[in-house]
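The structure appears below as structure tokens.
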């Protein structure tokens, strides 16, 4: 019997695969969406349109689940997130429309290049725990973007402010566009912009990025949904699998070395990017 | 032993968190149940799985043409089919940020925080525009 002809085989495979992906993503500190889209798009029989729509819902659900805890503990900041979310969600609509209008092979080639680039960013990007911000810029003062949070490791209240706000806003135009076009969560880009460009403490950058994704991805998700690109058959087991996997991953986090897992995941991501690129070029179909 | 310090979180942030928490839990539980109902064929399927498998490798507009899969929000009239109940629940998930924004708009009004009130209203408009199905691509 050919398993590939059985519908339940694909549901089971998707569920097991996304469950493992959820575990790995948490342990590596990477969003599930960025892994899901290139891997499922490269190795499963579904068209990239449906995979991208599911990828957005994966990023959206993960972000929605994490959001309440982050907001309550002050690790995600609404005043920081809202202006950036408005910019990124608007450009993600444009990204989704461009992605749906382009020929499949072009999207595959661009996605492959983007994923290879992202894996290099993940491998190379520096992070600053508490970046130095001498003076808050004018725009962030007008928007009153600043805050305090409790740093458990040092039992201290950390005060933070930001700078280079308009430069970050320009970068969020591109981030939203890429997220919408490729159906990727954009944590890989949000965190460096919030942390390194604006000078937000790493914990606030990671928390706000996670929260921000729900708004950015929601607008792009609606575009895919209203165009007929959202297939519950693929999306639901993927979303449930990755979220259950993430909850297991959180428990395993204490027992593994996240840096080792992160390296393995980056290599997998690089491989998926090369596969997607070669698929788009018609070399490895 | 260290003293745990408390940080004051703005009210709009706490309300956003509360709406999001309950919305997400309810959505994910109902979506899992609806999916089992769909694949177990307790509710009828709009596209038979055999036909779905033949067409899921095609680009969206070809898939829509081959399977007569509804676009926009026209599927809301077909909710007795398993896939569209699931689609509705996924759509609700995507509407959650919008619902959270609507919940915090009165707080910005009360605080007379005009800039964030305008940002929140603009975000609601962007999300509604995206959801409206008005913005479309030609093929």
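If you take the Cα Rg of the stretch A:134-285 and divide it by 2.2 N^0.38 Å, with N the number of residues, what do you get?
Details: Rg = 18.8 Å, N = 152, 2.2 N^0.38 = 14.8 Å.
Normalised by 2.2 N^0.38 Å, the Cα Rg of the stretch A:134-285 equals 1.27.
Return the average number of partner chain Cβ atoms within 10 angstrom of each residue Cβ along peptide A:240-251. Before the final figure, lay out each step's value.
Details: counts 4, 0, 0, 3, 2, 0, 0, 0, 0, 0, 0, 0.
If you average over the peptide's residues, the count of other-chain Cβ atoms is 1.
Rg (Å, one decimal) plus Dmax (Å, integer) for the alpha carbons of the stretch A:2-146?
That works out to 18.6, 65 Å for Rg and Dmax.
Would you mind giving the mean number of other chain beta-carbons within 10 Å of the Cβ of each residue in A:152-162, as a whole number? Before the final figure, lay out each step's value.
Details: counts 3, 0, 1, 5, 2, 3, 1, 0, 0, 0, 0.
Averaged over the peptide's residues, the number is 1.
Quick one: among A:89, A:153, A:238, which has the greatest mean-square fluctuation in a GNM of chain A with alpha-carbon springs under 10 angstrom?
Fluctuation is largest for A:153.
Just rank A:170, A:113, B:39, fewest to most, by other beta-carbon atoms within 10 angstrom. Let's see the in-between values first.
On the way: A:170 11, A:113 14, B:39 19.
Listing A:170, A:113, B:39 from fewest to most nearby Cβ atoms yields A:170, A:113, B:39.
At q = 0.10, 0.13, 0.20, 0.23 Å⁻¹, what log₁₀ I(q)/I(0) does the stretch B:11-132 have when each alpha carbon counts as one equal point scatterer in the Debye sum?
Listed by q, the Debye log ratios stand at -0.45, -0.68, -1.10, -1.28.
Within 10 Å of each Cβ in peptide A:102-108, how many partner chain Cβ atoms are there on average? Round it to a whole number, please.
1
Would you compute, for the Cα atoms of chain A, the largest minus smallest coordinate along each principal axis and list the three values in descending order, in whole Å?
Taking the Cα atoms of chain A, the three principal extents are 65, 42, 31 Å.
Assuming a viscosity of 1.306 mPa s and a temperature of 10 °C, what translational diffusion coefficient in µm² per second does Stokes-Einstein assign to the stretch A:219-283, Rh being the Kirkwood radius over Cα pairs? Write down the numbers at each step before the final one.
On the way: Rh = 15.0 Å.
In µm²/s, the coefficient is 106.
Per DSSP H run of at least 4 residues, take -39500 (n - 2.57); add these up for chain A, divide by its residues and hand me the 222 nm value, nearest 500 deg cm²/dmol.
Helices in chain A give a 222 nm mean residue ellipticity of -24000 deg cm²/dmol.
Counting alpha carbon pairs within less than 8 Å and at least 6 residues apart, what relative contact order, in whole percent, applies to chain B?
Here the relative contact order equals 31 percent.
Label the stretch A:92-159 by shape, choosing from rounded, prolate and oblate, from the square roots a ≥ b ≥ c of the eigenvalues of the Cα gyration tensor; if a/c is under 1.5 it is rounded, and otherwise prolate applies when a/b is larger than b/c, oblate when it is not.
Cα axes put the stretch A:92-159 in the prolate bin.
In degrees from 0 to 90, rounded to the nearest 10, what is the angle of the helix B:11-39 Cα long axis to the longest principal axis of chain B?
So the inclination is approximately 20 degrees.
Can you give me the relative contact order of chain A as a percent, contacts being Cα pairs under 8 Å and 6 or more apart?
About 40 percent, as a whole number.
Kindly provide the helix-only [θ] at 222 nm of chain B, computed as the sum of -39,500 (n - 2.57) over DSSP H runs of four or more divided by all residues, to the nearest 500 deg cm²/dmol?
So the helix-based figure for chain B works out to -23000 deg cm²/dmol.
Tell me the angle of helix A:32-43 to the major Cα principal axis of chain A, expressed in degrees between 0 and 90 and rounded to the nearest ten.
20
Under a GNM of chain A (C-alpha, springs under 10 Å), which listed residue has the highest mean-square fluctuation: A:175, A:234, A:142?
Largest GNM mean-square fluctuation: A:142.
To make sure I understand, if each residue's beta carbon is the centre and we count other beta carbons within 10 Å, what order do A:204, B:119 fall in, fewest to most?
Ranking A:204, B:119 by Cβ neighbours within 10 Å, fewest first, gives B:119, A:204.
For the Cα atoms of chain B, what angle does the longest principal axis make with the long axis of helix B:114-132, in degrees from 0 to 90, nearest 10?
So the inclination is approximately 10 degrees.
For A:122, A:82, what ranking results if the residue with the fewest other Cβ atoms within 10 Å of its Cβ goes first?
A:122, A:82
Mind checking which of A:17, A:117, A:211 has the largest fluctuation in a GNM of chain A, springs on alpha carbons under 10 Å?
A:117
Coordinate-derived values only; no laboratory data. The structure displayed is predicted, hence computed values, not measured ones. Every residue, glycine as well, gets a Cβ built from its backbone with ideal geometry; the counts of neighbours run over all protein chains shown.
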